[in-house]
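Asker: I am attaching a structure below and will ask some questions about it afterwards.
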Amino acid sequence: MMKRRTDGCIPVIGQALCWLTWAFLATALWSADENALNEDLGEKIRKRVAAQGFERVEEELNLALKADGPGREIIESLAHFYLMGKSPDRVVLLASRIADDAEGLALRLASILARGGFRKQADELLVLFLSRRRGFSWNLTSYRATLFNQAGRHDRAIALLKDTPRALANEPRRHYLMGIAYRGLGRPATALDHIRTALELESHPDYVFTQGLLLLSLDRPGQADHVFRQGRERFPQSAQLHFGHARVYSAVGDFYRAKALLKRAVELEPGHGKSHTFLARMFYLVGDWDSFPAAIAKAIELEPTYYLACYYYGQLLLMNGGDGHQEKALEFFRRSVRSNRNFTAGYIASGQIMADQGSWKEALDYYRRAAETGSQGHRVHYLMAQAYRALGQVEEAERSLKKTGLILP
């Protein structure tokens with residue numbers, strides 16, 4: 001029987017089931033072809049701006065819009081151009097320029113905004129587009145629910161999904177998105193019910209992946225192992241399922257099998273950034289310093305905003321030393337907690353750098369934020385005690401130290 005590892009190593013830096021992970025899951029079914037198309041067009045616009053300047057490119061795009069009308073490529077080019085100028089609201093207004101039946105184009109504009117970090121404006125664009133057309137659209141509604149899940153507004157996602165026509169009661173993706181939302185609200189058992197229903201309606205690797213991680217979060221690693229084994233048999237080319245299965249083995253301390261699965265995942269999908277990240281994390285945990293640098297460099301290249309990639313890249317910078325290494329590492333630790341505000345280890349690492357530089361007030365601020373996450377309580381309170389003592393706040397230091405259990409209350 002598989003048992004979760006409880007020696008303290010995993011909770012410190014492997015908070016695997018944070019809300020951000022589930023936001024990532026919520027987008028797993030979005031078309032890779034559409035994203036590639038948007039990225040290619042966006043790159044063309046960036047090159048044109050670099051060569052001709054903003055004013056010239058805007059003039060050319062507006063002339064093309066007048067001459068050719070609001071075609072897909074012109075509208076999408078304008079969307080990329082507006083985001084380069086940090087004007088997401090202008091992208092939203094493009095919804096009024098496209099035909100009422102151009103649902104696919106509305107979704108592409110929303111995805112451009114969402115991937116640029118403007119989820120609120122992406123939803124506003126879809127609402128504006130929906131207000132101009134009659135009838136219900138499942139594609140647009142499901143993507144709005146995805147945006148709410150990404151933003152952590154899981155209650156809004158549930159309300160939206162519940163308010164769908166009865167004909168969609170057995171739509172598998174509806175149950176999948178409901179599962180993501182309930183997990184985000186801290187109700188994994190309810191989430192698991194929805195994911196199982198989705199799997200009964202349709203066998204899909206994303207549903208299997210979510211079910212496995214939910215079981216792991218419910219401290220059922222044996223059942224999670226079974227789910228991923230069956231899933232990999234059914235979808236042997238799924239890098240995602242190899243990645244998920246590796247996380248089960250990592251959670252129970254079987255790093256040998258976890259490493260093998262992660263290596264297979266990156267063979268199947270070389271661009272699977274999270275597999276590279278967890279592979280680097282594993283090298284770090286077992287002290288394989290020969291393999292760690294290249295692995296984390298690849299991870300940060302593929303996932304420059306993923307909280308674990310940022311955290312471990314910061315650790316690499318500290319290990320390498322050199323001029324300004326602490327400041328460089330601190331920027332990546334800060335990026336990790338901007339990406340995941342519940343990531344305790346990122347706050348601790350930031351605080352320790354500030355403490356090392358003698359900035360105890362700033363260090364204390366980071367330790368307090370770490371304490372708010374509710375993880376690693378004893379360690380955080382010990383660090384807080386150090387900071388209070390350095391600031392001359394002896395009573396606060398003793399109060400924090402008592403919480404560690406190191407002295408009698």
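Asker: Among (1) crowded, with 22+ Cβ neighbours inside 10 Å; (2) closer than 23 Å to ALA191 by Cα; (3) without any contact (Cβ under 8 Å) to a residue 40 or more places away in the chain, there is one condition ARG232 misses while meeting the rest; what is its number?
Answerer: Failing condition for ARG232: (1).
Asker: Can you tell me which condition GLY287 does not meet? The list is (1) modelled with pLDDT under 95; (2) farther than 25 Å from ARG257 by Cβ, and all the others hold.
Answerer: (2)
Asker: Next question, about the same structure. Select from region 119-165 the residues that are modelled with pLDDT of 90 or more, within 21 Å of the chain's Cα centre (by Cα) and among the hydrophobic types (A, V, I, L, M, F, W, C) and list them in ascending order.
Answerer: Answer for region 119-165, where residues must be modelled with pLDDT of 90 or more, within 21 Å of the chain's Cα centre (by Cα) and among the hydrophobic types (A, V, I, L, M, F, W, C): ALA122, ALA145, LEU147, PHE148, ALA157, ILE158.
Asker: Could you tell me which residue of region 37-50 is modelled with the lowest pLDDT, considering only residues that are farther than 14 Å from GLY116 by Cα and under 23 Å from the mean Cα position of the chain (by Cα)?
Answerer: LEU37
Asker: Show the residue pairs meeting these rules: Cβ distance below 8 Å; 6+ apart or different chains; first residue within region 298-314 and among the polar types (S, T, N, Q); second residue in a helix (DSSP H, G or I).
Answerer: THR305/ARG335; THR305/SER339
Asker: Failed condition for ILE195, given (1) over 27 Å from LEU140 (Cα atoms); (2) crowded, with 18+ Cβ neighbours inside 10 Å, with all others met?
Answerer: Result: ILE195 passes all but (1).
Asker: With respect to the numbered conditions (1) under 23 Å from the mean Cα position of the chain (by Cα); (2) not in a helix (DSSP H, G or I), which one is the sole condition not fulfilled by LYS328?
Answerer: Going through (1) under 23 Å from the mean Cα position of the chain (by Cα); (2) not in a helix (DSSP H, G or I) one by one, LYS328 breaks only (2).
Asker: Further, regarding this structure: Of all the helices (runs of 4 or more DSSP H) wholly in region 60-115, which have at least 1 residues that are over 22 Å from ARG48 (Cα atoms)?
Answerer: Because the criterion is at least 1 residues that are over 22 Å from ARG48 (Cα atoms), the helices (runs of 4 or more DSSP H) in region 60-115 that meet it are 88-93, 103-115.
Asker: When you go through (1) under 21 Å from GLU267 (Cα atoms); (2) out of contact with any Leu (no Cβ under 7 Å at 6 or more places or on another chain); (3) at pLDDT 95 or above one by one for TYR306, which number turns out not to apply?
Answerer: Result: TYR306 passes all but (3).
Here's the yes/no breakdown for (1) crowded, with 24+ Cβ neighbours inside 10 Å; (2) over 23 Å from the mean Cα position of the chain (by Cα); (3) among the basic types (Lys, Arg); (4) modelled with pLDDT of 95 or more:
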residue: LEU214; (1), (2), (3), (4): yes, no, no, yes
residue: ARG220; (1), (2), (3), (4): no, yes, yes, yes
residue: GLN223; (1), (2), (3), (4): no, yes, no, yes
residue: GLY244; (1), (2), (3), (4): yes, no, no, yes
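Asker: Out of everything in region 294-323 that is in a loop (DSSP other than H, G, I, E, B) and either in contact with a helix residue (DSSP H, G or I) (Cβ under 7 Å, 6 or more places away or on another chain) or of a type in the set (D, E, K, R) (or both), what residue ends up being surrounded by the fewest Cβ atoms within 10 Å (Cβ to Cβ)?
Answerer: Across region 294-323, the extreme among qualifying residues is ASP323.
Asker: Exactly one of (1) farther than 19 Å from ARG334 by Cβ; (2) of a type outside the set (Val, Ile, Thr); (3) under 26 Å from the mean Cα position of the chain (by Cα) is unmet by ALA390. Its number?
Answerer: (3)
Asker: Can you pull out every residue in region 162-185 that is without any contact (Cβ under 8 Å) to a residue 24 or more places away in the chain and surrounded by fewer than 23 Cβ atoms within 10 Å (Cβ to Cβ)?
Answerer: Selection gives LYS162, ASP163, ARG166, ALA167, ALA169.
Asker: Also: Cβ-Cβ below 7 Å, separation at least six or inter-chain, first residue in region 85-96 and under 21 Å from GLY69 (Cα atoms), second among the charged types (D, E, K, R) and assigned to a helix (DSSP H, G or I): which pairs?
Answerer: VAL92/GLU124
Asker: Further question on the same structure: How many residues, within region 101-142, are of a type in the set (Phe, Trp, Tyr) and under 16 Å from GLU76 (Cβ atoms)?
Answerer: So the answer is 2.
Asker: Turning to a different aspect of this structure: Only one of LEU128, LEU140, LEU83, LEU113 is surrounded by 22 or more Cβ atoms within 10 Å (Cβ to Cβ), on the phi < 0 side of the Ramachandran plot and not small (Gly, Ala, Ser). Can you tell me which?
Answerer: LEU113
Asker: Collect the residues in region 234-254 that are over 21 Å from HIS272 (Cβ atoms) and touching a helix residue (DSSP H, G or I) at 6+ places or on another chain (Cβ under 7 Å), keeping them in residue-number order.
Answerer: Matches in region 234-254: VAL252 only.
Asker: Going residue by residue through region 343-352, is there one that turns out to be modelled with pLDDT under 90, crowded, with 17+ Cβ neighbours inside 10 Å, of a type in the set (S, T, N, Q) and in contact with a helix residue (DSSP H, G or I) (Cβ under 7 Å, 6 or more places away or on another chain)?
Answerer: no
Asker: Mind listing just one residue for me: the one in region 369-409 that is assigned to a helix (DSSP H, G or I) and small (Gly, Ala, Ser) and, of those, modelled with the lowest pLDDT?
Answerer: Checked region 369-409; the qualifying residue modelled with the lowest pLDDT is GLY377.
Asker: Would you mention how many residues in region 199-233 are in contact with a helix residue (DSSP H, G or I) (Cβ under 8 Å, 6 or more places away or on another chain) and not in a helix (DSSP H, G or I)?
Answerer: The total comes to 4.
The values are calculated or read from the model by the stated rules, or taken from the named source; none is laboratory data. All of these numbers come straight from a predicted model, not from anything done at the bench. Please note: Cβ atoms are built from the backbone with ideal geometry, for glycine as well, and neighbour counts cover all protein chains shown.
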